[in-house]
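Some notes on the structure that comes next.
The values are calculated or read from the model by the stated rules, or taken from the named source; none is laboratory data. Remember, predicted model here, so these are calculated numbers, not experimental data. All Cβ positions, glycine included, derive from the backbone under ideal geometry; neighbour counts span all protein chains shown. SASA here: full protein model, heavy atoms, side chains in, ligands and nucleic acids out. Shrake-Rupley method; radii C 1.70, N 1.55, O 1.52, S 1.80 Å.
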Amino acid sequence: DVVDADGVVRRGVKLSADVELVTVSAAVKRGKELDGKKVKLQGKVSDVCTKMGCWFVVQGDKPEDTIRISTKSHSIFVPMKAVGYTATVEGTLSVRTLTKEAAQHYEDERQLKEGEQRKVITGDVPEIFIDVAGLEMKQS
């Protein structure tokens, strides 16, 4: 849960100045076009892994516009209290399909909102994912 003196959580490599910043909603819309490409995007953190802070989800303009942020190597962790933070992330975007078991694993690790029931995943789930190289996040 380390936060820099300026209130910003920084993990991984420093964000590149020469990579265009796109919104989460724009990245979702352009998913197939951006698949396998380096991207930098910004969005509001809507979910965080409650076990270790090893993944989080950023949301775009619409609640259904979401992208999961993690590292394939499990090398970047964020504060588990980061829901509501604004995050800027940079990494490689991929469009993938989660098995129902993997999707259930993520569902089981997310923090439920008040009155919300845990979902039971019944099939494979399409997802946009960023293998993050660097990130900055702060309270909104």
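Tabulated data
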read-out: Residues located in the stretch 30-50, provided they are in contact (Cβ under 8 Å) with a residue 12 or more places away in the chain, surrounded by fewer than 18 Cβ atoms within 10 Å (Cβ to Cβ) and farther than 17 Å from Met80 by Cβ; value: Gly31, Lys32, Asp35, Gly36, Lys37, Lys38, Gln42
read-out: Selection within the stretch 9-29 - exposed (fewer than 15 other Cβ atoms within 10 Å of the Cβ) and either modelled with pLDDT of 95 or more or in a loop (DSSP other than H, G, I, E, B) (or both); value: Val13, Lys14, Ser16, Ala17, Asp18, Val19, Glu20, Lys29
read-out: Leading residue by the ranking (modelled with the highest pLDDT) among those in the stretch 51-85 that are surrounded by fewer than 13 Cβ atoms within 10 Å (Cβ to Cβ) and of a type in the set (S, T, N, Q); value: Ser75
read-out: Cross-chain or 6+ apart pairs with Cβ under 7 Å, the stretch 86-106 first and in contact (Cβ under 8 Å) with a residue 40 or more places away in the chain, then surrounded by fewer than 17 Cβ atoms within 10 Å (Cβ to Cβ) and of a type in the set (Val, Ile, Thr); value: Glu90/Val19
read-out: Matching residues in the stretch 94-129 - criterion: being open to solvent by less than 40 Å² (accessible area, probe 1.4 Å), assigned to a strand (DSSP E or B) and touching an Asp or Glu at 6+ places or on another chain (Cβ under 8 Å); value: Ser94, Leu98, Arg110
read-out: Condition check for Lys40: under 16 Å from the mean Cα position of the chain (by Cα), of a type in the set (Lys, Arg) and at pLDDT 95 or above; value: yes
read-out: Residues of the stretch 118-135 classified as of a type outside the set (D, E, K, R) and without any contact (Cβ under 8 Å) to a residue 60 or more places away in the chain, total; value: 6
